[in-house]
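The values are calculated or read from the model by the stated rules, or taken from the named source; none is laboratory data. Model, not experiment: these values are computed from the prediction. A quick note on method: Cβ atoms are made from the backbone with ideal geometry, for glycine too, and the neighbour counts reach across all protein chains shown. Just the protein is used for accessible areas: all its heavy atoms, side chains included, with ligands, DNA and RNA removed. Shrake-Rupley method; radii C 1.70, N 1.55, O 1.52, S 1.80 Å.
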Amino acid sequence: MDKKKISMAVVRRLPKYQRYLKELMVNDVDRISSKELSEKIGFTASQIRQDLNCFGDFGQQGYGYNVKDLYNKICEILGLNREYSTIIIGAGNIGQAVANYMNFDKLGFKLTGIFDINPKLIGLKIRDIEIMDTDYLDKFLKESKVDIAILCVPKNSAQRITNVLIDGGVQGLWNFAPVDLVVPENIIVENVHLSESLLTISYLMNRR
Ligand code: NAI
């Protein structure tokens with residue numbers, strides 16, 4: 001696949017295309033025009049054509065897009081044509097909620113380990129996966145290849161754990177801790193801050 005640089009704005013729209021196309025496939029829709037897709041998805045038809053043109057020539061004049069082909073292509077672009085070994089660090093409120101959410105598995109993010117320091121949690125199981133002692137993390141990373149770690153620990157331990165994860169070969173971090181992690185350039189960090197969405201709501205409500 002062509003690895004030319006795509007703007008983050010386009011990248012951030014891709015999961016929405018993936019989700020809507022999946023829905024169309026489930027509803028047995030074979031093809032769709034950019035105009036129809038635009039009505040469903042909320043981006044303009046020209047935006048959709050521009051976005052998809054970044055990755056190749058998908059649509060056909062007068063035919064539109066073949067839903068299955070486009071869905072498969074977007075999955076491939078999103079890297080969903082492989083499996084990712086994923087672990088969770090911190091099995092508190094957020095960690096347990098993420099661990100219990102089955103859909104990540106369906107997308108190929110296979111949960112292979114959960115770690116915590118709390119002796120009351122160590123040994124318990126979430127979806128058949130035993131919560132392990134974080135002291136064992138280093139050894140676990142040496143023995144099993146882990147692609148992505150989901151960080152659900154308090155902010156004061158997030159950087160220390162991050163360093164262990166990176167030393168152990170983890171390349172992607174889904175960070176829930178409210179801290180800006182310092183990582184080498186080749187490591188991907190995606191921060192999730194629910195409060196930022198909430199503040200956007202309060203801003204928009206008060207601007208009316
Ligand atoms: P929690 O206190 O319920 O869970 C934290 C868990 O991390 C505990 O089970 C604790 O034993 C464990 N832990 C502490 N140090 C550890 C270490 N060194 N290694 C492994 N496990 C360790 O907290 P909660 O509510 O689940 O929040 C987790 C993190 O997410 C916190 O940093 C919190 O500030 C943040 N948070 C983020 C939100 C977001 O939108 N991104 C929303 C709410 C909380």
### Query
What translational D, rounded to a whole number of µm²/s, comes out for the chain from Stokes-Einstein when the hydrodynamic radius is the Kirkwood one over Cα pairs, at 20 °C and 1.002 mPa s?
111 µm²/s
### Message
How much of the DSSP bridge set in segment 85-208 is antiparallel, in percent, rounded to the nearest 5?
### Response
10 percent
### Task
Evaluate E = 1/(1 + (r/R0)^6) for Ile187 and Met8, where r is the Cβ-Cβ distance and R0 equals 22 Å; express this FRET efficiency to the nearest 0.05.
0.85
### Task
For the chain, give the percent of accessible area contributed by carbon and sulfur heavy atoms, probe 1.4 Å, rounded to a whole number.
52 percent
### Message
Using a Förster radius of 30 Å, what is the FRET efficiency between Ala45 and Leu198 based on their Cβ-Cβ separation? Nearest 0.05, please.
### Response
0.40
### Message
For segment 8-77, I need the span (max minus min coordinate) of the C-alpha atoms along each principal axis, in Å, sorted largest to smallest.
### Response
31, 23, 21
### Message
Which three numbers, in whole Å and largest first, are the semi-axes of the equivalent ellipsoid of segment 84-196 derived from its Cα gyration tensor as √(5λ)?
### Response
19, 16, 15
### Task
Starting from the amide H of Ile114, placed 1.01 Å from N in the peptide plane, find each other amide H under 5 Å away whose residue is 5 or more places distant or on another chain.
Ile88, Met132
### Query
Using the Cβ atoms and a cut-off under 15 Å, what net charge is assigned to the surroundings of Ser202, where Lys and Arg are +1 and Asp and Glu are -1?
+1
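Rounded to the nearest 500, what is the 222 nm mean residue ellipticity of the chain from helices alone, with -39500 (n - 2.57) per DSSP H run of 4+ residues and division by all residues? Let's see the in-between values first.
Details: 9 runs with 93 residues, N = 208.
Calculated mean residue ellipticity at 222 nm is -13500 deg cm²/dmol.
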#### Entry: Restricting segment 1-67 to trypsin sites (Lys or Arg not before Pro) in coil, as DSSP defines it, with at most 11 other Cβ within 10 Å
Lys3, Lys4, Lys5
### Query
Based on DSSP, what percent of beta bridges with both residues in the chain are antiparallel, to the nearest 5?
20 percent
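May I ask you to give the solvent-accessible area per residue for segment 84-196, in square angstrom, as obtained with a 1.4 angstrom probe?
56 Å²
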### Cross-link table Lys73/Lys145; Lys16/Lys155; Lys5/Lys142; Lys22/Lys110; Lys106/Lys145; Lys120/Lys145, entries beyond 24 Å C-alpha to C-alpha
Lys73/Lys145; Lys16/Lys155; Lys5/Lys142; Lys120/Lys145
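Between Leu78 and Arg127, what's the calculated FRET efficiency when r is the beta-carbon distance and R0 is 30 Å? Round to 0.05.
Details: r = 24 Å, r/R0 = 0.80.
That pair, Leu78 with Arg127, gives E of 0.80.
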### Message
Can you give the local net charge around Asp69? Use residues other than it whose beta-carbon is closer than 12 angstrom to its beta-carbon, Lys and Arg +1, Asp and Glu -1.
### Response
0
### Task
Kindly work out what percent of the DSSP beta bridges joining two residues of segment 75-132 are antiparallel, to the nearest 5.
20 percent
#### Entry: Cross-link partners of Lys125 among aspartates and glutamates (Cα-Cα below 14 Å; sequence separation of 8 or more within a chain)
Asp116, Asp133
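Which loop GluC sites (Glu not before Pro) in segment 11-109, with loop taken from DSSP, have no more than 13 other Cβ atoms within 10 angstrom of their Cβ? If you can, show how the numbers build up before the last one.
Working: sites: Glu23, Glu36, Glu39, Glu76, Glu83; in loops: Glu83.
For GluC sites (Glu not before Pro) across segment 11-109 that sit outside H, G, I, E and B with at most 13 neighbouring Cβ atoms in 10 Å, the list reads Glu83.
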#### Entry: Eligible aspartates and glutamates near Lys68 by straight Cα distance, threshold 13 Å, same-chain separation 8 or greater
Glu23, Asp28, Asp30, Glu76
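Starting from 0.36 nm per residue, how many nanometres of slack lie between Met205 and Asn66 once their C-alpha separation is accounted for?
Numbers: separation 139, 0.36 × 139 = 50.04 nm, distance 3.92 nm.
In short, 46.1 nm is gained.
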